[in-house]
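Here's the structure we're looking at; comments come further down.
Rule-based calculations on the coordinates, nothing more; no lab input. Values in this document were obtained by computation on a predicted structure and should not be read as measured data.
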Amino acid sequence: MELDLHEYFVKQSIRTRAEILSANGVIQLNVPIEHSESGKQTMREVKIDHSKHWQSEHWRAITSAYANAPYFEHYAHDLQGIFAKQPIYVHELNALILDWLNDALALDIKIKMSEAYTGQTSAQKKEWLGRAENATTAYQQVFGYKTAFVPNLSILDGLMNEGPLIRTRFLPR
């Protein structure tokens, strides 16, 4: 898998956000960025705004949403480790998360960063916003007793609820 560091950053895309299910419904976890004077930045240049205390806010939201999930205690330490690293760039944070997911799901995906613009980013707005409708096979969610299954959340939701077995719902057999 190659991540394109030379594509332009797209506001409100999945590159800086994830959706999880809380007791009050779906919430977005947004990583704040430092905006450039010129406006356009490549993914390689996008810096995380550490003046906001997003790590503690995200951790509080994750804990509130998943403390009672079957696999929360299994993954909590790893997630805290990712938050503690405080990477400078968004692509560094995303690489940490992808490496963790690779391990957590027992995948063998080789992830590399592009040396030049690849042009592989979809022109479809729903895709780069992360809102393309992909059928998600239902699984037990923490708040399933009070709401119907909520599809297309972050993989974090699946991991907290199903653990590494979540991979069987998304990967070809």
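Brief remarks on what is shown
- Degrees between helix 54-66 axis and first principal axis of the chain (Cα, 0 to 90, nearest 10): 20 degrees
- Diffusion coefficient, µm² s⁻¹, Stokes-Einstein with Kirkwood Rh over alpha-carbon pairs of segment 1-102 at 25 °C and 0.890 mPa s: 167 µm²/s
- Calculated percent of Cα pairs over 30 Å apart (choose from (1) 64; (2) 36; (3) 17), label: (3)
- When each of Lys11/Lys146; Lys52/Lys110; Lys52/Lys146; Lys11/Lys47; Lys85/Lys112 is checked by Cα-Cα distance, pairs over 22 Å: Lys11/Lys146; Lys52/Lys110; Lys52/Lys146
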